[in-house]
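Visitor: Can you keep this structure in mind? I'll have questions shortly.
What follows draws every value from the coordinates through simple rules; no lab data is involved. Predicted model only: the values in this text are computed from it and were never measured. A quick note on method: Cβ atoms are made from the backbone with ideal geometry, for glycine too, and the neighbour counts reach across all protein chains shown.
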Amino acid sequence: MKSKKRYQFILLISCFMLFVGNTYVCKATALGSVDSYETIHGTVQGSVRATWVWDTTQIQSNPQLVLKFATTNKINTIYLQMNRDVKLPYYTDFIRKAREKNIAVDVMDGRPAWGLTESRDQITDFLDWVEAYQNQVEPNEKFAGIHLDIEPHVHPEWKTNQASVITQWQGNVQYIVDRAARMKMPVAADLPFWLDGYKIPGSTMNVSSWMIRKFDSITIMAYRDTAAAIYNVAKDELDEASTLGKTVSIAVETKQSKEGDFITFYEEGTAYMEAQLKLVEKMASVHSSFNGFSVHEYSSWETLKK
């Protein structure tokens with residue numbers, strides 16, 4: 001008799017736990033939770049090797065060309081700009097095919113005005129679009145993360161009211177990372193290497209340090225064309241990120257630049273760039289934060305001389 005009652009009690013507990021588990025799953029689904037980067041793509045083997053695709057229409061007109069280039073150049077991450085004019089099926093098809101090739105696709109957007117509070121509505125629209133997209137597609141069609149390119153230092157107000165711009169930028173970044181956390185999506189951002197030369201208003205902390213703390217990872221725009229110069233301008237951020245347990249992808253440029261030949265690999269070409277990146281990797285690998293390279297950007301890299 002005692003054995004029978006004990007069995008009934010265990011059965012009752014099991015049923016209760018099953019009910020609670022199902023309720024939790026249903027609740028998570030109702031709240032619109034999305035899968036993590038690892039769930040969608042698994043752990044990327046080795047370091048990040050990424051590029052930006054700014055012209056989103058290329059996933060309509062030349063998706064196979066983009067993916068072939070990515071495969072040939074061992075790219076495992078694509079930062080794809082969000083474009084509302086590109087219909088949802090093009091995104092789902094492209095991401096699904098990219099995943100088959102073990103290529104992660106992050107949704108990317110941003111502009112200098114996003115550093116200002118007055119642009120919060122634009123940011124909200126972007127995040128709303130991302131959340132709606134993630135909630136209506138299959139797991140193998142979801143974006144792996146969010147990638148931001150804001151660069152408020154380009155905005156005219158940076159020169160006239162820098163402290164205010166930095167404070168507003170902080171507010172928008174906090175808003176973005178909070179929203180992304182609710183969506184369970186990692187957030188990365190492009191940052192210029194010289195940002196550590198500016199302080200958070202009313203604080204001794206530099207802007208670069210604050211940003212590294214907030215984002216899951218950063219892409220440091222170390223736009224130089226020799227290994228030594230690239231490493232030297234990225235070193236401080238690599239040190240900071242190592243201390244904070246964050247990761248850094250080092251970005252280089254392939255577009256022609258009006259700022260000088262030393263900014264880009266446009267003049268030297270692909271073979272020279274790859275040789276320099278190998279040298280940078282040897283130097284940067286001493287930092288636990290180092291997580292590969294991001295080459296700006298697909299269209300210019302694709303036409304870069306060999």
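Visitor: Just want to confirm a number: the relative contact order over the range 49-302, from Cα pairs under 8 angstrom separated by 6+ residues, in percent.
Guide: This gives 17 percent for the range 49-302.
Visitor: Just how large is the dipole of the range 124-177 about the Cα centre, in debye to the nearest 20, putting +1 at every Lys and Arg Cβ and -1 at every Asp and Glu Cβ?
Guide: 260 debye
Visitor: For THR167 and ASP125 in one chain, what is 0.36 nm times their gap in residues minus the Cα-Cα distance, to one decimal in nm?
Guide: The span from THR167 to ASP125 would gain 13.0 nm if fully extended.
Visitor: Tell me what the chain gives for mean residue ellipticity at 222 nm when only DSSP H runs of n ≥ 4 count, each as -39,500 (n - 2.57), the sum divided by the residue total, rounded to 500 deg cm²/dmol.
Guide: So the calculated ellipticity at 222 nm is -15500 deg cm²/dmol.
Visitor: While we're looking at this one, here's another question. Taking 0.36 nm per residue of sequence separation and subtracting the Cα-Cα distance, how much length would be gained by fully extending the chain between ASN73 and ARG213, in nm to one decimal?
Guide: Gain on stretching ASN73 to ARG213: 47.3 nm.
Visitor: Using label points projected 7 Å from each Cα along Cα→Cβ, tell me how many nm separate ALA228 and GLU157, to one decimal.
Guide: 4.2 nm
Visitor: Among ALA189, ALA241, ALA181, which one shows the highest mean-square fluctuation when the chain is modelled as a Gaussian network with alpha-carbon springs under 10 Å?
Guide: Among ALA189, ALA241, ALA181, the largest mean-square fluctuation in the Gaussian network model of the chain belongs to ALA181.
Visitor: Cα to Cα, under 20 Å, and not fewer than 8 places away if on the same chain: which aspartates and glutamates meet these conditions relative to LYS278?
Guide: LYS278 reaches ASP225, ASP236, GLU237, ASP239, GLU253, GLU267, GLU268, GLU297, GLU302.
Visitor: Report the residue, chosen from GLY292, GLY269, GLY197, that carries the largest GNM mean-square fluctuation when the chain is represented by alpha-carbon nodes joined by springs under 10 Å.
Guide: So, out of GLY292, GLY269, GLY197, the one fluctuating most is GLY197.
Visitor: Along the Cα→Cβ direction, 7 angstrom out, place labels at PHE262 and GLU118. What is the inter-label distance in nm?
Guide: For the pair PHE262/GLU118, the computed spacing is 3.7 nm.
Visitor: Once whole DSSP H runs in the chain are found, which of them have Cα atoms spread over 15 Å or more along the helix axis and a mean Kyte-Doolittle score of at least -0.5?
Guide: For the chain, where a helix must reach 15 Å along its axis and average at least -0.5, the hits are 2-30, 162-182, 227-244, 270-284.
Visitor: Over the chain, what lengths in whole Å, largest first, do the semi-axes of the equivalent ellipsoid take, defined as the square roots of 5 times the eigenvalues of the alpha-carbon gyration tensor?
Guide: 38, 24, 21
Visitor: Run the dipole for the chain about the Cα centre, Lys and Arg Cβ at +1, Asp and Glu Cβ at -1, nothing else charged, and hand back the magnitude in debye, nearest 20.
Guide: 1640 debye
Visitor: Then there is this: Say the cut-off is 30 Å between C-alpha atoms; which of LYS101/LYS305; LYS142/LYS282; LYS87/LYS258 go over it?
Guide: In this structure, LYS142/LYS282; LYS87/LYS258 exceed 30 Å between Cα atoms.
Visitor: To continue, here is another question. Please give the Cα centre distance for the range 273-306 versus the range 126-201, rounded to the nearest Å.
Guide: Going from one Cα centre to the other spans 23 Å.
Visitor: Which residue, LYS214, LYS278, LYS184, has the most motion in a Gaussian network model of the chain that connects Cα atoms within less than 10 Å?
Guide: LYS278
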